[in-house]
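Report on the structure given below.
We did not get these values from a lab; they are worked out from the coordinates using the rules stated. On a predicted model such as this, the values are computed, not experimentally measured, just so you know. Here the Cβ positions follow ideal geometry from the backbone for every residue, glycine too, while neighbour counts run over all protein chains shown.
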Amino acid sequence: MRQKTTAVLSAAALVLGMAGTAQAGTLEDVQSRGVLRCVVSTGIAGFAQPDASGVWGGFDIDFCRATAAAVLGDAGKIEAVTSTGKTRFTKLNAGEGDVLWRNTTITFSRDVGVKLRFHGVNYYDGQGFMVKKSLGVSSASELDGASVCIQTGTTTELNLADYFSSNGMKYEPVTIETNDEARQNYEGDRCDVYTTDASGLASTRSALPDPDAHMVLPEIISKEPLGPATRHGDDQWSDIVTWVLNATITAEELGVTSSNVDEMKGSNNPEVRRLLGVDGSQGSELGLSNDWAYQIIKQVGNYGEIFERNIGVNTPLGIARGLNALWTDGGLIYSPPFR
Amino acid sequence: MSESSHYAPGTHPDLPPPARTTGMVGWVRGNLLSSPLNVALTLLSIWLLWSILPPAIHWLFTEAVWTAKDRKECWALMDAPRDAACWAFIRGSFELFVYGWFPEPERWRVNLTFILFIAAIFGGLRENIPGKKYWLIFAAAYPFIAAWLLLGGFGLEPVGTNKLGGILLTLVVAVTGIAFSLPIGIALALGRRSKLPALRGVCVIFIEFIRGVPLITLLFVASTMLTYFLPPGSTFDLLMRVLIMVTLFASAYIAEVVRGGLQGLSAGQYEAADSLGLSYWRAHQLVILPQALKISIPGIVNTFIGSFKDSVLVLIIGMMDILGLGRARLNDPDWLGLAPELYIFISLFFFISCFSMSRYSLSLEKKLHTGH
């Protein structure tokens, strides 16, 4: 009897022990596996989508690649763990993914209640309005009495109600389920206005037959800061993800791009030298090789390059930097210094 | 004087039926113009076809664009944007839609799996085929051969289950559910009618529990809950979890369909089998099941078609079956806004699959119809 109990206990201890080791060393896990598994969306235009041969690309995917470049030295060694909005946090917390780069709004309840660690903001989104230019409206405050296409059961619905009632205006909701459905309704003139997050408006607008006949109004009525997340309980891994994001931002701030990164290694600026691992030992303090940030910028690019490549004004989505410009250009993108 | 008087009784040659009741004219008169209401309905149908078909053919075929490098080019080739289908989108991603992420040099394995699948179905279900016994063994072994071909190992390059996607993943989920649910379902149905209380209780609880819970819930349990019960770090393959849940779900329904068949047999059949001195298993094998399964065919095929279509629910837990992958492709910035083309393509796939299943079941019913 006693022997049996001991056996059960030791088996339980073994299982718990396995659990402990598996959770603590995400970095070791990733490096021994040789592949970084990122929890990404099942498809959000410009942020994560498979191309015709199935290769994932997009804004979030590029940050995943940047993380792989820092941790494994090769941006190509990623695996996209696709997840819907409902399964993303369990996938991360159950260890099916190492890091979440998936259009996720940072909120109190997710940070504290779901037990995630957030590591800064890589995209400032917010709810906006799109109208036909022929409507002759230039501000959301002129939308009194408009019919509005809105996705049901989302925070956008509440934000819209709050915005209209606090401005003493009325609207007529036209409820829809998906972005495509919204576009059909909006195109068919069943609603005057379509409201969702500004990044979603940009992709909807670009899919219209004549995008120039439509405009996104300047008002943004909600805060949707999107950022990466990791599990609780692995501080080293959290630091790595935080500073991968910061490295891309700092590189843009310092003018380091994927094309000039090799020349910049000879720069006299001490922060550039520290960032690229010429001086100091920041890489080894993170548990990475000293050229980790060099690899990110060389293989993926700085924040501005990632932005412009996937969602910037020259892409079909055509999103202007806006709030996502560097703080020096009047935006909110800001990184703590590398020192 | 009529000519008939020249013939002795019973020797008059057969005359052709009146011209107005045969051929094209007869068919039209009988089926389309038999009453004023039918005349009106016929005219209405012709008008509907006339107003729907030309624009549909125009959109689907004549004006459609088959080659383009992105949506802008596609729409520029039409009279007006969105004036016709842009099949170039589907064509460009066709291989992805069929094979998912299966490595390109290994795709012959998928093709072979599919060919063997056809062979297993026809060989296993055809009556008069030489070497019937071997065909049946092959059909029973097919799921395992397919698993080996797709996942590799034992001499083949291993391929992770996360490389499965598109139509391949849809077929894997659907065919696994269908293939394993029939034997499990029959066993459950027999268990539910068993005279052993413990066995009966277990089967009833299982069937009622599974039938009382939506498939979506089971899939969520598979994708999120189970991982909490397993030690973190130990990954029990997601596809495997989903396949188990889909199979259990279909089995519970099959069990009830088969139970209906078992109850549909007259008590005389059971008594006749008993009076011949057959054991329980021999009686079921020789007398009960062949008849019960035959009358259950429509219900079984109905359940199969249902589970085939239910397989798209896996997209809700983030798996990339044909619908999930298609919707992901809709987000390609170069091809935004081509949802109608995608959904028409996917419906065509499901229609062909389900319609051929239902036709096959009809022919099977006819063949097995021996009557009472």
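Worth pointing out:
- Whole-Å distance, taken between Cα centres, linking region A:220-256 and region A:316-336: 14
- 10 Å Cβ shell holding at most 10 others, DSSP loop, chymotrypsin sites (Phe, Trp or Tyr not before Pro): longest site-free stretch of chain B: B:155-372
- Cross-link partners of residue A:132 among lysines (Cα-Cα below 29 Å; sequence separation of 8 or more within a chain): A:170, A:223, B:69, B:72
- Selection from A:103, B:7, B:270, by position along the positive dipole direction of the protein assembly as shown (Cβ): B:270
- Distance between region A:110-144 and region B:7-43 - C-alpha centres, whole angstrom: 70
- Approximate shape of region A:127-222 as ellipsoid semi-axes (Cα gyration tensor, √5λ), whole Å, largest first: 18, 15, 12
- Only lysines eight or more places from residue B:133 in sequence, or on another chain, were considered; those with a Cα closer than 26 Å are B:294, B:366, B:367.
- Working note: Karplus 6.51/-1.76/1.60 with θ = phi - 60° gives region A:242-253 the couplings 4, 7, 5, 4, 4, 5, 5, 6, 4, 4, 5, 4 Hz, where Gly and Pro are set to x.
- Under the Karplus curve 6.51 cos²θ - 1.76 cosθ + 1.60, θ = phi - 60°, whole-Hz ³J(HN,Hα) for region B:236-241, x wherever Gly or Pro sits: 9, 3, 4, 4, 4, 4
- Restriction of the trypsin sites (Lys or Arg not before Pro) in region B:195-230 to DSSP coil positions whose beta-carbon has at most 12 other beta-carbons within 10 angstrom yields B:195.
- Gyration tensor over the Cα atoms of the protein assembly as shown: the corresponding equivalent ellipsoid has semi-axes (square roots of 5 times the eigenvalues, largest first) of 55, 39, 24 Å.
- Here chain B is assigned +1 on the Cβ of each Lys and Arg and -1 on the Cβ of each Asp and Glu. Its dipole about the Cα centre then comes out at about 940 debye.
- Footprinting exposure proxy for A:38, B:354, A:64 (fewest neighbouring C-beta atoms within 10 Å first): B:354, A:38, A:64
- Cα gyration tensor, chain A - rounded (a/c under 1.5), prolate or oblate: oblate
- Chain B - Cys residues lacking any other Cys C-beta under 4.7 Å: B:203, B:354
- Under 5 Å, built H, 5+ apart or other chain: amide partners of residue A:279: A:274
- For residue A:123, the residues whose amide H sits under 5 Å from its own are A:226, ignoring neighbours fewer than 5 places away on the same chain, with H placed 1.01 Å from N.
- Simple spin-label estimate for residue B:269 and residue A:108 gives 6.6 nm between the two label positions (7 Å along the Cα-to-Cβ direction from each Cα).
- Qualifying trypsin sites (Lys or Arg not before Pro) in region A:111-157, where qualification requires a DSSP coil assignment and no more than 14 other C-beta atoms within 10 Å, comprise A:115.
- Summing Cβ point charges (Lys, Arg +1; Asp, Glu -1) relative to the Cα centre of region A:127-222 gives a dipole of roughly 120 debye.
- The value given for region A:239-280 is a Kirkwood hydrodynamic radius of 10.4 Å, derived from the mean inverse Cα-Cα separation.
- Look at the stretch B:318-329: the mean tally of other chain Cβ atoms within 10 Å of its residues' Cβ atoms is 5.
- Phi-based couplings in Hz for region B:94-111 (Karplus 6.51, -1.76, 1.60; Gly and Pro marked x): 4, 4, 4, 5, 7, 9, x, 9, 4, x, 4, x, 9, 5, 4, 5, 5, 4
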